[in-house]
Amino acid sequence: MHKTERGIVSSVELSISCSDCVRRYTPDCEDCLVTFVLGDEPEELTLSPQLSDAARLLTSQGMIPRLKYRRVASEH
């Protein structure tokens, strides 16, 4: 998030690829924001800053599931 010149907090675009998520095909996946938006076979979700802010507001009020995405740790 960043502040605009008027001091309003704004987020950035949200882009999630389910193939990178450790929770894919688990019960957490079934109750995730991405699955809620895309359905039973989610792949990738991209939200504009405005939609990302709206999703944050709705999840904070318990109206929609929260984002449960966790990136798979990369091996070095």
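The string of couplings for region 42-51 from the Karplus curve (6.51, -1.76, 1.60, θ = phi - 60°) is x, 10, 8, 10, 10, 10, 5, x, 5, 5 Hz, one whole number per residue in order, with x for Gly and Pro.
The simple spin-label model puts a point 7 Å past each Cα toward its Cβ; for ARG71 and VAL12 those points are separated by 1.1 nm.
The residues neighbouring SER15, those whose beta-carbon lies less than 13 Å from its own, together hold a net charge of -3 under the Lys/Arg +1, Asp/Glu -1 convention. With both labels modelled 7 Å from their Cα along Cα-to-Cβ, the THR59 to VAL37 distance reads 0.9 nm.
Computed over region 9-72, the convex hull of the alpha-carbon atoms projects to a mean area of 4.1 nm².
Taking amide hydrogens as placed 1.01 Å from N in the peptide plane, the amide H of CYS21 sits under 5 Å from those of VAL72, each at least 5 positions away in sequence or on another chain. Find out how many positive minus negative residues lie around LEU47, taking Lys and Arg as positive, Asp and Glu as negative, among other residues whose Cβ is under 13 Å from that of LEU47. Its environment carries a net charge of -2.
Every number in this text was worked out from the coordinates using simple rules, so none of it is lab data. Everything quoted here is computed from the prediction, not taken from an experiment. A quick note on method: Cβ atoms are made from the backbone with ideal geometry, for glycine too, and the neighbour counts reach across all protein chains shown.
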